[in-house]
Structures are given as C-alpha cells and as structure tokens.
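The values are calculated or read from the model by the stated rules, or taken from the named source; none is laboratory data. Note that the structure is predicted; figures quoted are calculated from it, not measured. Cβ placement follows ideal geometry from the backbone for every residue including glycine, while neighbour counts extend to all protein chains displayed. All accessible areas refer to the heavy atoms of the entire protein, side chains included, with ligands and DNA or RNA removed. Shrake-Rupley method; radii C 1.70, N 1.55, O 1.52, S 1.80 Å.
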Amino acid sequence: MRWRAYLLAFLAAALVVWPTVARWYTDWLWFVELGYPGVFWIPFVSRAGLFSFVAAVVWAVLYMNLRVAIRALPPPTRVELRLDGTRYVPRPGLRRWLGVGCAAAAVLAGLASTDRWVSFQQFLHAVPAGEQDPIFGRDVSFYMFRLPFWRFLQHLAWGWLLVAGLACVVVYLAAATTRPSLRGLLRLPPSARAHLSLLAGLLLLVRAAGFRLDAYELLTSQRGLVFGLTYADAHARLPALQLLVVLALVCAGLLLLNTWLRTLHFAAAVLGVMVASWFVGVGLVPAAVQQLVVAPAELSREEPYLRAHIDATLRAYGLHAARTIRFEPQDRLPAGAVQRQRTTLDNIRLWDYRPLLETFRQLQSLRAYYTFADVDIDRYRIGGRQQQLMLAVRELDASRLPPQARTWVNQHLVYTHGYGVVAAPVHRVSEEGLPELWLRDLPPRWEAPELRVDRPEVYFGELTRTYAIVNTRVPEFDYPRGDENVTTRYQGRAGVPLRGWLRRLAFATRFGDWRILLSTDITPESRILFARAVPERARRLAPFLRYDRDPYVVVADGRLFWVVDAYTTTDRYPYSQPFGPFNYLRNSVKAVVDAYHGDVRFYVADPADPVIRVYDRIFPGLFRPLEELEPSLRSHLRYPVDLFEVQAQVYATYHMRDPRVFYNREDVWAVANEIFADQPQPVEPYYVTLRLPGSPSEEPEFVLILPMTPQRRDNMVAWLAARNDPPHLGELWVFTFPKDRVVFGPMQVESRINQDPYISQQLTLWNQQGSRVIRGNLLVVPVEGSLLYVEPIFLQAERSQLPELRRVVVAHGPRVAMAATLDEALAQVLEEKPAPQPPAPPPGGSRDLAAEALRRYRQAQELLRRGDLAGFQRELEALGRLLEELAGRR
C-alpha cells in the first residue's frame, strides 16, 4: 500500500506546484510570441544567480562557524539499560542536522534576496554618467548603480556574521558550563576565544565598510536644510565617519591578531574608543555644530551646499538646460495679427476633453457595448497645414452586453475587439454646438486622406482587460451594420497558438477557466490573446520602467498605434531633491503598441540617459534607436504631460538658482489656478500650436505650455513651454514676465469674466434649473508678443448627457467678450468686424422664412416647457437669425 501513499503525495505536490508552472509556461509562450524570449530568461537567471550566491554565502558562514563551535560540545549519548549494567551509547545528535538547518536558513535568505535582481544587474552593467559629485568626485553612476548593491552586500555579511557569532557564543557557553551565562565567556577555552575573536574581527571589518558607505550616503539622504551633504555633515559627521573607519579597521586587526596573542585588552580598548566616537562624532557633535556654528549664520555656512543642491536637482529632472527668455506682453495685438496667426487661432483648443468625451459617447458609441475611455490630442498634417485633433478610440466593453448575452463564448470568442476612431478638430463647432467629426462612424469615414484607416480593429487598447481567443469555429463580431452584424476572422500576428492539450491545460489553469480546455470551438489554429491592455502589455515586458498615465492613439499609414511614454527613475541621485519615490526622472523611452497585431517596440528617446544605457546592456535587443521608428509615427511623438507636471512643480522652486534667493524663498512659483465647472483647480498643461517667441523658425509648432503664478497670488509671472516637433522634441523654454507690472493670471481673468454684467447675466440664466453651465479650460495663448485668454462655455441639459459648446469667452488687454464663435469674440475684443458666417437660409421667399420662424418659435416654446434651456437658447438664436433675414429682405 506504500505506493498509493507515494502516488497521493505526488498528486498533492503536483496540484500545489502546477499553477506556478502553468503561469511560468504561459508567460514564456507570451514572451516568445512577442519576440523577446531573452527578456523572460534574464530576470529568471538573475534571480537564480543571486539566490545561489546569497544561499552559498549564508550556508558557508553558518555551517563553517557552527561546525567548529559544535566540536566543543561533549558527544551526545543515549542510555541503554542492560542486565549487566547501564551503558552509554554515542549517537549522531546535533551534528546530523547541522547541514540541514544551515541549508534551510540559506534557502530562506536566498529567496528573500531575489527581489534585488535589478540592483544586481545594474551593479554588473553600470556605465559612467559623465557627471561627478562635488564632494568625493565620484561619477554619479556609482551612487545610482553600485552603492545600493554594495550596501546590500554589507547588510548581508553583517547580519549573518552576527547570527553565526551569537549562535557560536550560545554553543560555547553550553559546552563550558551547565548553566550558560555571560560569566562563562571569561572561562572559555583558548580555541573558543580565538574563534569568537575571528568572528568579531570580521564583523568589524564589515562595519568599517559600512562606515565608508555611510559617508557616501550622506549625499543621498536628508538631515538638515536640504537633501544631501550640509555644513554639519561636512565638518562633523563626515570626519567622524572617516575616523570610525580607521578605528574599526584597527580594532578588527587586533581582534584577528588575538587568535595568536590570546588577549583582548587592546581590542577592547580600541572598541571602546570606537563606540564612544560613534556616539559622539555621529550624534552629538553634528547637532552641536548645527546649533552653535550653523544656526547663527546658516545662509553663509550652507551657501556652497545649497548651490550644489540646486544644480543637482535641476540636472536630475532635466531642467538644467531650460532656456529662459524675457517676455513682455503687449496690451494690444498688432494690426493684422489675426490674419497672420490664422494657424495658431485655428488650433486653439475650444473642446475641453471632459465634455467632449461625453459628447463622443453620446454621438459615436452607436451600440451599448461600445465606449470611449479617453480623449487624446495630437497634431496631423491635413491639406499641407498642421491641425490639432481630438481623438478617441471606440473600444468594446463586453460587460455592457445584456445579461443574457454575457456568455463565455460571447465574451471571449465573439466580442473580441473594438472598432475605429473618432476625431474632431479642436476649434470647429457645428451650428448645434457639437464637434465636427472628421473621422467617424462604422465602418470608418474620413474627411481627409491623411486620416484614412484601413485596419480599424482594436484588439489591444485601454479597456481590453480580458483574454480573447481568435480563429475559432465561432465567427468574430466585427461591427454592426443596420440590423445585421458583420463578422470577421483575425489575420494578425498576435496570440499564442493553442496547439495540444498541454497548452490548453496551462491556460485553463492560469485563467481558472476549464472551458479553454474543454471547448469544442477551439481548434489547433486558434490563438489566445492576453495581457491586451496597452499599459499592462508594456509593463510586463519592462517592469523596471515607470509608465505615463495616458497612452494616446496615432493614426498612421492606415493603421492604429498606441504610444506610451516610459520613464527611467532612481532615488539615488546625489544632492537631488526627491519628488515622491524618486529624485531623478527622464522620459527616455517611447513604447509603441500596434492596436491590431499587438507588437510592442521600445525606442530610446534619450540615449544620453545613463539609466537606459544600463538597461540596454542588461536586456540586449529590447530597446531600439529612435531613428528606427517610422517617420509617420515619429512626427506624432509628444512631450508627456506627466513629466511636464513634475518638472513644473520642481522648477517652481528651483528656478531660483541664487542660493540667497532660494534660502529666503523670495520668488517661489506655483501652477496657476482656473475655474472648471464652477470649481477652482490647478491649470492642466495643454498643447497649442504657435510660433514660439524668440524662435528662429517662422513656422508654428506643437508646444505644451503651462502658466505659472507667484505662490499664494494670482498674477502670472511666467509660462513654461516644452517643444514637441522634431528635431526640438524635449527642449524646455521658460518665458518670464517683467516684475514691475501686473500680468493677469487665469484666476484673475476668471474674476473679470464673472464681473462682466452681460456674461454674468447669461451664465446665471443658463445655469438655472433644467440646464448646467460647464466652464471649460481657460487657455492662455501667446500670440505675437501679446496674450489671449480663451475659455469655452458648454451647456448641458439636466436630462441630457450631451454637452454643447454654446459660447466662447475671449479676454485681451482691458476687454472681455463672449460670442458664439471664437472669431466673433476676437472681433469684439479687438474692435474688428468678424468674417460673416451666416447660416444658409431655407429656400424660398419671405413666406417660407416666416413659416420657418414660426416653427422655430413653437419648438423653442416646447423646449422651454420641458425645462431644456440649452435647447431653448439654441432655437431662440436660430429664430433671431431668421428674423434678421426677414428684416433684410424687406
């Protein structure tokens, strides 16, 4: 019957181990499918190598020392009672289990260390950064790549030597006395004292290395005025650490010599001096220096360290090369500026992405199971001119299917992908207050050949969070057409083939769904697509990078691509101020994901970044030069908003490069505030198309900008600009305003809008019961040495989820105007006659106009009775235009 027990034990072990094996196996298939098998094996081999190294070190330290100590124990015996008397028989006892116990501890230590495989690989593949720290003169790559692993090794050696030493003390005490005590240490045999002296000497050698590492870490930690080394550190703590290194080495040498000298007097004396120096030199003296020397003249003492801190922080966040330009805005636009800056004005974003997202959902979802996750902004070359567009991907959410249709077949085999993109220019508004759609409908229809989409299927998107199985016996749903559904069959490269029962069993185990194994609809040609969400797909390939919150879609060459900005970070850049979990940030990688084929490519956007150079050495073949990216995609790369927001927060303080100004916080900035939907909030960075002041090029370019104000004040002091168009992608410009005059900030312009009698009256009327006014982003747009402030006004009926853009507010100089279009509002503030844009009148004579006017009047009355004030206002405006037409004909 023993074989049955063995069989049950084997089956139980298989049930425990198989889920892990299945996950590893399916992960490996996924990496192979994407063409990155090496990326799968490198972390695995790194973890295995680090595990083996740590386990071997721990086992050797424990086993070798305890084996020596156990020799001092009397041999363990067992008692046998015999007729001829009592007999004591030796037995193996503790020695038998010593190797097993040490091996168990080594395995646990090795497993605990495997999470440090990235630091291990960075240590092995470190590259110079080309920048030196101002104190030790070391390349900053030492602090980012080598110091963390050296510290890990020091902690490893210190911890396990200490464990081994304490265990040996216990063993020796147990061997020397029947009742172990500290006094027993004085009565230990010479061999035991020599062994413990050797361990203590090794511990002090490790501690000496720790003191040296402590000195380096003064540059990557904060204790005083700023992050990094301060005056008290340089003149008290650092000398104390250097003295402690020497004392620890001397004491370690004496303890090692004690294995022959057999005396502890010298070592004990040096150890006492070291402990006193540690307490006094690292604790008391720096505090005394800070209070007695630094505090009375803190600025003059800390000035060189402040300068190093400011310079390092600017470098760490890529702000050291920011170009500063003085900008003196004019009160009036020059004559003819509107005509000359037509490209800029046609790219002012009137459509706020939040109301527009609801509008897209109402107008273009077309079926309940379609939705839009987000609206992105990008620029396209349309008819030879650069035009900003708002784009959203129509994704399929199977959870929106009717409950009776949410079967496993429908959710994973039939409804597998979204379909198409919606695109609208940022400034065009229809007569009904809705966006003009240049890319729309199912199948896609486009207004310009540059927006052609030949492959609109979206198998990989922001909402594709479940697995899909394609090329089954069940036709895939493609898109609806009238009362029928068009079906398709996947022709792409993505997916792991489900050949053989082993793969199907592995995926059934991974997803906890046995229908993958049992379904008769799955054939050997079927493929399973998983990890389809764009951020997850990139993160699984390169988990050591940080990723932007907002992937954006690009229409290029008739296909859809996702672009995800990825960042390299570290918290070990010397002297740099941390921002959250890191104190160094670069947008070094652009990840591109094919929405149909699922291919993932990583392109290096900043080859000078030492962190990405190290990762490129760790993972050969994962990263590609940016020059290999297709030009049709490279022209759509953007400066990421997440990075720009962090840089703006840092630059708000660290633009003060003078240590004295920085110390007194004389000129701290803040991100400007605005009103959105009646609530104050910080202005979000926004993209505009304009000609940058001071740029030698006459062509408008795609720029990300953000207005800044003084801290706790509302006037504007600067605006930051990040360039996006190649070859200037990534360049930062800072435009500062003169300090001897007031330049209105967004909140001050919001106040002027609220105080305008006509605008305030209209907003109050529209915001009554039955409708809601949504005030969009207030944009500050530099135009020919002057500033325009533009804010769209949306109306949304209480019973409707369809916001309509009804008005545009423009402020310029002393004037504020609100009109139906941007051109009309501009004309009012500039006192120019707007270009006539009358609606086409109905055909016929005055009688037909009167009939149409009557119809509009009755429709307006009906909308007013229902409480739809937005619709009422729309019909009233149409009625007014008809009456003006009638008056003109008379």
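Annotations for the structure displayed:
- Residue that is most open to solvent (accessible area, probe 1.4 Å) [pool: residues in segment 631-643 that are part of a helix (DSSP H, G or I) and touching a residue at least 12 places away in the same chain (Cβ under 8 Å)]: 634
- For segment 825-851, taking the residues that are in a helix (DSSP H, G or I) and either at pLDDT 90 or above or open to solvent by less than 40 Å² (accessible area, probe 1.4 Å) (or both), the one that is farthest from residue 742 (Cα to Cα) is identified as 849.
- Number of the condition not met by residue 539 [criteria: (1) under 30 Å from residue 631 (Cα atoms); (2) at pLDDT below 95; (3) outside any loop (DSSP other than H, G, I, E, B); (4) not aliphatic (A, V, I, L, M)]: (2)
- First in segment 644-659 and free of Cβ contacts under 8 Å to residues at least 60 places away in the same chain, second anywhere and among the small types (Gly, Ala, Ser), Cβ under 9 Å, 6 or more apart: 652/670
- Residues of segment 353-388 that are in contact with a Lys or Arg (Cβ under 8 Å, 6 or more places away or on another chain) and either aromatic (Phe, Trp, Tyr) or without any contact (Cβ under 8 Å) to a residue 12 or more places away in the chain (or both): 369, 370, 372.
- Filtered residue count, segment 425-454, keeping only those that are open to solvent by less than 30 Å² (accessible area, probe 1.4 Å) and part of a helix (DSSP H, G or I): 1
- Residue pairs meeting the criteria (Cβ under 8 Å; at least 6 apart or on separate chains; first over 16 Å from residue 644 (Cα atoms), in segment 313-332; second loosely packed, with under 13 Cβ neighbours inside 10 Å): 325/694; 326/738; 328/738; 331/814
- Here the strands (runs of 3 or more DSSP E) wholly within segment 306-394 that include at least 1 residues being within 25 Å of residue 683 (Cα to Cα) and open to solvent by 10 Å² or more (accessible area, probe 1.4 Å) are 323-326, 376-382.
- Here segment 528-556 is the region considered, the condition is being basic (Lys, Arg) and more than 11 Å from the chain's Cα centre (by Cα), and the residue that is surrounded by the fewest Cβ atoms within 10 Å (Cβ to Cβ) is 540.
- Residues of segment 129-156 satisfying the condition of being of a type in the set (Lys, Arg), over 25 Å from the mean Cα position of the chain (by Cα) and open to solvent by 60 Å² or more (accessible area, probe 1.4 Å): 138
- Criterion: touching a helix residue (DSSP H, G or I) at 6+ places or on another chain (Cβ under 7 Å) and either surrounded by 15 or more Cβ atoms within 10 Å (Cβ to Cβ) or closer than 29 Å to residue 561 by Cα (or both) - qualifying residue of 463, 517: 517
- Among the residues making up segment 557-572, those that are open to solvent by 10 Å² or more (accessible area, probe 1.4 Å) and in a loop (DSSP other than H, G, I, E, B) are 557, 571, 572.
- Residue match in segment 619-642 (condition: among the aromatic types (Phe, Trp, Tyr) and over 19 Å from residue 721 (Cβ atoms)): yes
- Within segment 212-230, the set of residues being surrounded by fewer than 23 Cβ atoms within 10 Å (Cβ to Cβ) and either charged (D, E, K, R) or assigned to a helix (DSSP H, G or I) (or both) comprises 212, 213, 214, 215, 216, 217, 218, 223.
- Beta carbons closer than 6 Å, at least 6 apart along the sequence or on distinct chains, pair a first residue in segment 581-609 that is farther than 16 Å from residue 546 by Cβ with a second that is part of a loop (DSSP other than H, G, I, E, B) and open to solvent by 10 Å² or more (accessible area, probe 1.4 Å) for 596/455; 596/492; 597/492; 597/493.
- Within segment 744-774, restricting attention to residues that are charged (D, E, K, R) and open to solvent by 10 Å² or more (accessible area, probe 1.4 Å), the residue that is farthest from residue 714 (Cα to Cα) is 772.
- Matching residues, segment 583-630, being of a type in the set (Gly, Ala, Ser), more than 19 Å from the chain's Cα centre (by Cα) and either open to solvent by 30 Å² or more (accessible area, probe 1.4 Å) or over 30 Å from residue 492 (Cα atoms) (or both): 608, 621
- Close pairs from segment 426-453: first closer than 29 Å to residue 791 by Cα, partner of a type in the set (D, E, K, R) and open to solvent by less than 50 Å² (accessible area, probe 1.4 Å), Cβ under 7 Å, at least 6 apart: 426/349; 427/346; 432/804; 433/804; 433/806; 434/804
- Taking segment 724-779 as the range and being within 21 Å of residue 803 (Cα to Cα), touching a residue at least 12 places away in the same chain (Cβ under 8 Å) and part of a loop (DSSP other than H, G, I, E, B) as the test, the residues that pass are 768, 769, 770, 776, 777, 778.
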